[in-house]
Structures are given as structure tokens and as C-alpha cells.
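A quick write-up on the structure given underneath.
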Amino acid sequence: MQTAKSLGEAVGARLEGDGAVELRGVAAPERAGPHDLIYVEKVKHSDRAVASAALCVIAADDVALPGKTVLRSALPKVAFAKAAALILERTPIAIGIHPTAVVAPQARVNASAGIGPFAVIGEDAHVGEGTEIGAHSVIGAGCWIGEHCRVHPRVTLYAGVRIGDRVEIHSGAVIGADGFGYAQGEGRYWKFPQAGIVQIADDVEIGANTTIDRGSLDDTRIAEGVKLDNLVHIAHNCQIGAHTVMAAQVGLSGSCEFGKHVVVGGQAGFGEQCYLEDGAVIGGQSGVLGGKTIRSGQTVWGTPARALEKFKEQFAWQARLPELAARIKELETKREGK
């Protein structure tokens, strides 16, 4: 259990009010009880917090909250996320090695790791301290999984995949399958070797039913802090920079390279060998053509993707096409009447 004082110290927030308030959960203001923590980012939402039963609020400096214990932070949402991680207990995925799990004789599973029902751990696989492997998951031969990872049920890691520490992989994800690589000749397609692996660094989160293909002659690499939503596809040889985020249904073709802190909206698609510099922003449902470079800090939208300002200008004209067509037809009719 946390108090307002201990929580404020842990997340770097300044305490105003009763530091002895006990906090046992988190909630939205309308659903909160006295011992739930809530947060407010903007002044316009202060009435919701004041009316809430919650005793403690994380808020920015300019938000007045009479009668509440307040933890002041310049980034209330970030502070709230950090606080929630300290307050909430995560439901275990697996505790100990279940009797139905199949662990290969040469696998190395740390004594503190958990292996769920019907999970399979292949030969020479390594499962680190405090890592949990969910039911029906398959960890292929030679895989390396670091410490304190959470692998949810029905995840498949093909042979040789390497996972860092504190990685969370949600149900249905498949990591290390062959990439879509073929050579055409003699009237048919020949499978190109998919001899690389997938390397995933620390503190990555991978959404449900996401797929990350192994490299062909190089490796596919996901850097630290990357967050992938559900149903994302990363093709072979892609390189994803640190703290990049991708929303659901994004698809990358082979050998794309993304820099650090890239933001990709849902359903965006990328042709092969796209290059996104640090801080690029891609709008939802955008289509980035193969070989395209998006510069650092640039925001693009549309298909083919172009600068946001250009997209908005063109979209405005596109919306007026029926009106413009009617005017042209009217002018043509008048001209023919002469």
C-alpha cells in the first residue's frame, strides 16, 4: 500500500495536503473511491476532480483543487502512469513450472521463472530470472529471454529469437517467422534464405497478434522502449529505433529503417526500404512508398504520404470536387447554349 507522501516521492511530484492518505487503486474521477488515485491535466477538467470521491489527485500547477490532497507534476499523465505501476499488482501469468509444461533437457530456466500449462521450452533456450511464460506458448530452440519478461498465453517464438529484459509480449504474437523473401527465375519463385534472427531490446511491449519476421541475411532489430500495438507486422531486416511507437494494423515491408521516437498512426503502410529519421510522425492510414525518406521532425499524411500542410490543402480541394464538377457542367451547358 502507498501513501500520498511515499507516492509523491517515488514519482517526483510535490505534495500539497495530507501525506498520510492511503492509496490502493487508480480510477477515472467519476468511478473513484476515497482511496483511488486520479489525475487532471487541464483546468477545464478540474470540476470532475473536485466532485470525485477520490481524496488524492495528481495535477498540474495551474489546476485548483480545493479540499484535495494534490501531487503536483509538470507531466500529470506521466506521473499517474508511474504511480499506477507502483499501486497496482499485476496478475501473474505463471507461477512455477506447471506439470503439463514441456521443458527440454538442455533448456536453462531460472528457478524463479514461471512456465504455464502446456507451454513448450525448446532445447538450449534460456528463460531469465522472474520471467513468466503463459499457457500454450512455444519458445523455440536456442531462444534467449531475459529477466522479468511477461510472455502471455499462445505466444510463439521461433528458434534463435533474442529478447531483452522487462519485455511484455501479448497473446498470439509470432516472432521469428520467415520473411516474405523470394527470388524469381525459371518461371517460378525460389525461397530466399531467411537465416537471420529477431533481436528485441529491453522494455519493449508487443501487442496481441503482432508478427515480427526474422532477418534474411541480416537480423531484424527492435530497439529499447519500442511499443507496438495489436496486429502490427514488421517484415524481415527492419530496424526500429528506440522509443518508437506504432498503433494497430501498421505494416512494414522488408528492410525499413525507423529512427528514434518515431510515431506511426494506425493502419499506416510502408513499402520496402523506407527510411524514417528521428521524430518523424506518420498519420493514420498513410501510405509511404518504397524507398521514401521522411525527415526528422516531419509530419506526413495520406497516400502517397506527403507533408501534412500539403495533405490538408489537397484534401480540402478534393472535398469540393462535386461542387466544382457541378460548376463546370453548368459552364459547359451555358457555352453549348450559345
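The values are calculated or read from the model by the stated rules, or taken from the named source; none is laboratory data. In this text, all values refer to a predicted model and were calculated from it rather than measured experimentally. Here Cβ is always computed from backbone atoms with ideal geometry, including for glycine, and neighbour counts include all displayed protein chains. Each accessible area value is taken on the protein alone, full model and side chains, heavy atoms only, with ligands, DNA and RNA left out. Shrake-Rupley method; radii C 1.70, N 1.55, O 1.52, S 1.80 Å.
Two decimals is fine: what's Rg over Rh for the stretch 1-49, C-alpha atoms, Kirkwood radius as Rh? Walk me through the intermediate numbers first.
Values: Rg = 11.1 Å, Rh = 11.5 Å.
That ratio is 0.96, to two decimals.
Given DSSP loops and a limit of at most 11 other Cβ atoms within 10 Å, what is the longest stretch of the chain that contains no such GluC sites (Glu not before Pro)? Kindly include the intermediate steps, with their values, before the conclusion.
Details: sites that count: Glu30, Glu89, Glu186.
It runs 187-338.
Stick to Cα atoms and the Kirkwood definition of Rh, then tell me Rg/Rh for the stretch 106-179. Walk me through the intermediate numbers first.
On the way: Rg = 10.5 Å, Rh = 11.5 Å.
With Rh from the inverse mean 1/r over Cα pairs, Rg/Rh is 0.91.
Nearest 0.05, what FRET efficiency do Ala20 and Lys334 give at R0 = 56 Å with Cβ-Cβ as r? Please report the intermediate quantities before stating the final value.
Working: r = 82 Å, r/R0 = 1.46.
Approximately 0.10, to the nearest 0.05.
Contour minus end-to-end for Ala316 and Val263, with contour as 0.36 nm per residue of separation and end-to-end as the Cα-Cα distance? Working shown, then result.
Values: separation 53, 0.36 × 53 = 19.08 nm, distance 2.46 nm.
Here the answer is 16.6 nm.
What is the magnitude of the charge dipole of the stretch 242-338 about its Cα centre, with +1 placed on the Cβ of each Lys and Arg, -1 on the Cβ of each Asp and Glu, and no other charges, expressed in debye to the nearest 20?
Numbers: 12 positive and 10 negative charges, 91 e Å.
The calculated dipole for the stretch 242-338 is roughly 440 debye.
Taking +1 at the Cβ of each Lys and Arg and -1 at the Cβ of each Asp and Glu, which of Ala20, Val40, Ile95 sits farthest along the dipole of the chain towards its positive end, judged by Cα position relative to the Cα centre?
The listed residue farthest towards the positive side: Val40.
What's the magnitude of the charge dipole for the chain around its Cα centre, counting Lys and Arg as +1 and Asp and Glu as -1 at the beta-carbon? Answer in Debye, nearest 20.
Working: 34 positive and 38 negative charges, 235 e Å.
With Lys and Arg at +1 and Asp and Glu at -1, about 1140 debye.
Among Ala83, Ala113, Ala125, which one shows the highest mean-square fluctuation when the chain is modelled as a Gaussian network with alpha-carbon springs under 10 Å?
Taking springs between Cα atoms under 10 Å, the residue moving most is Ala83.
Using Cα-Cα distances under 8 Å and only pairs 6 or more residues apart, what relative contact order does the stretch 284-332 have, in percent? Before the final figure, lay out the partial values.
On the way: 32 pairs, mean separation 13.2, N = 49.
In percent, rounded to a whole number, it is 27.
What share of all Cα pairs of the stretch 1-125, in percent, falls into each consecutive 10 Å distance bin?
All Cα pairs, binned at 10 Å, distribute as 13, 37, 15, 13, 16, 6, 0 percent.
From the residues Val120, Val167, Val245, which one has its Cα farthest along the dipole of the chain in the positive direction, the dipole being from +1 and -1 charges on Cβ of Lys/Arg and Asp/Glu about the Cα centre?
Comparing the listed Cα positions along the dipole, Val245 ranks first.
Using only helices, what value at 222 nm comes out for the chain when you add -39,500 (n - 2.57) per DSSP H run of length 4 or more and divide by the total residues, to the nearest 500 deg cm²/dmol?
Working: 5 runs with 55 residues, N = 338.
That calculation yields -5000 deg cm²/dmol at 222 nm.
State, in angstrom, two size descriptors of the stretch 141-192 derived from its alpha carbons: Rg to one decimal place and Dmax to the nearest whole number.
Reported Rg and Dmax, both Å: 15.4, 50.
Taking a probe of 1.4 angstrom, what is the accessible area of Tyr39 in Å², to the nearest 10?
Here the residue's solvent-accessible area equals roughly 70 Å².
Hey, what does the equivalent ellipsoid look like for the stretch 92-143, semi-axes from the Cα gyration tensor as sqrt of 5 times each eigenvalue, largest first, whole Å?
Over the Cα atoms of the stretch 92-143, the ellipsoid semi-axes are 15, 12, 9 Å.
Hey, what's the Cα Rg ratio for the stretch 222-304 versus the globular rule of thumb, 2.2 N^0.38 Å? Kindly include the intermediate steps, with their values, before the conclusion.
Values: Rg = 10.7 Å, N = 83, 2.2 N^0.38 = 11.8 Å.
Rounded to two decimals, the normalised Rg is 0.91.
Among Ile145, Gly290, Gly134, whose Cα lies farthest out toward the positive end of the dipole of the chain, if unit charges sit on the beta carbon of Lys, Arg (+1) and Asp, Glu (-1)?
Gly290
For the stretch 136-254, report the translational diffusion coefficient in µm²/s to the nearest whole number, using Stokes-Einstein at 20 °C, 1.002 mPa s, and a Kirkwood Rh over Cα pairs.
Approximately 152 µm²/s, per Stokes-Einstein.
Just grab the label-to-label distance for Ala10 and Leu86, each label 7 Å out from Cα along the Cβ direction, in nm (one decimal).
0.5 nm
Take every Cα-Cα pair in the stretch 296-338 and report what % of them are more than 11 Å apart. Show your work: numbers first, answer last.
Working: 634 of 903 pairs.
In whole percent, the long-distance tail amounts to 70.
Round to a whole number: what % of the accessible area of the stretch 275-338 belongs to carbon and sulfur, probe 1.4 Å?
Values: 2600 of 4680 Å².
Here carbon and sulfur together make up 55 percent of the probe-accessible area.
Tell me, in nm to one decimal, what length is gained between His148 and Val43 on full extension, where the rule is 0.36 nm per residue of separation less the Cα-Cα distance? If you can, show how the numbers build up before the last one.
Values: separation 105, 0.36 × 105 = 37.80 nm, distance 3.87 nm.
Stretched out fully, the His148 to Val43 stretch lengthens by 33.9 nm.
For the stretch 185-338, list log₁₀ I(q)/I(0) at each q in 0.13, 0.19 Å⁻¹, using the Debye formula over Cα point scatterers of equal strength and ignoring solvent, two decimals each.
One equal scatterer on each Cα of the stretch 185-338 leads to -0.63, -1.09.
With all protein chains present, how much of the accessible area of the stretch 24-162 (probe radius 1.4 Å) comes from carbon and sulfur, to the nearest whole percent? Spell out each step's value before the answer.
Working: 3950 of 6970 Å².
Answer for the stretch 24-162 is 57 percent, counting heavy atoms of protein chains only.
Contact order normalised by length for the chain, with contacts defined as Cα pairs under 8 Å and 6 or more residues apart; what percent is it?
On the way: 990 pairs, mean separation 21.8, N = 338.
Relative contact order, the chain: 6 percent.
Quick one: of the DSSP bridges fully inside the chain, what percent are antiparallel, nearest 5? Spell out each step's value before the answer.
Working: 11 of 78 bridges.
Once the DSSP bridges in the chain are tallied, antiparallel ones form about 15 percent.
Counting heavy atoms of the protein chains only and a 1.4 Å probe, report the per residue accessible area for the chain as a whole number of Å². Working shown, then result.
Details: 17600 Å² over 338 residues.
Dividing the accessible area of the chain by its residue count gives 52 Å².
Sort all Cα-Cα distances of the chain into consecutive 10 angstrom bins from zero, then give the percent of pairs in each bin up to the one containing the longest distance.
For the chain, the binned pair fractions read 6, 20, 20, 23, 18, 8, 4, 2, 0, 0 percent.
If you build a Gaussian network model of the chain, linking Cα atoms that sit under 10 Å apart, which residue out of Ala74, Ala119, Ala173 swings the most?
Largest GNM mean-square fluctuation: Ala74.
Among Arg48, Arg295, Arg306, which one shows the highest mean-square fluctuation when the chain is modelled as a Gaussian network with alpha-carbon springs under 10 Å?
Judging by the Gaussian network model, the answer is Arg48.
Taking amide H positions as placed 1.01 Å from N in the peptide plane, with prolines and chain starts having none, which residues 5 or more places from Trp144, or on another chain, fall under 5 Å of its amide H?
Answer set, sorted by chain and number: His126, Val161, Arg162, Ile163.
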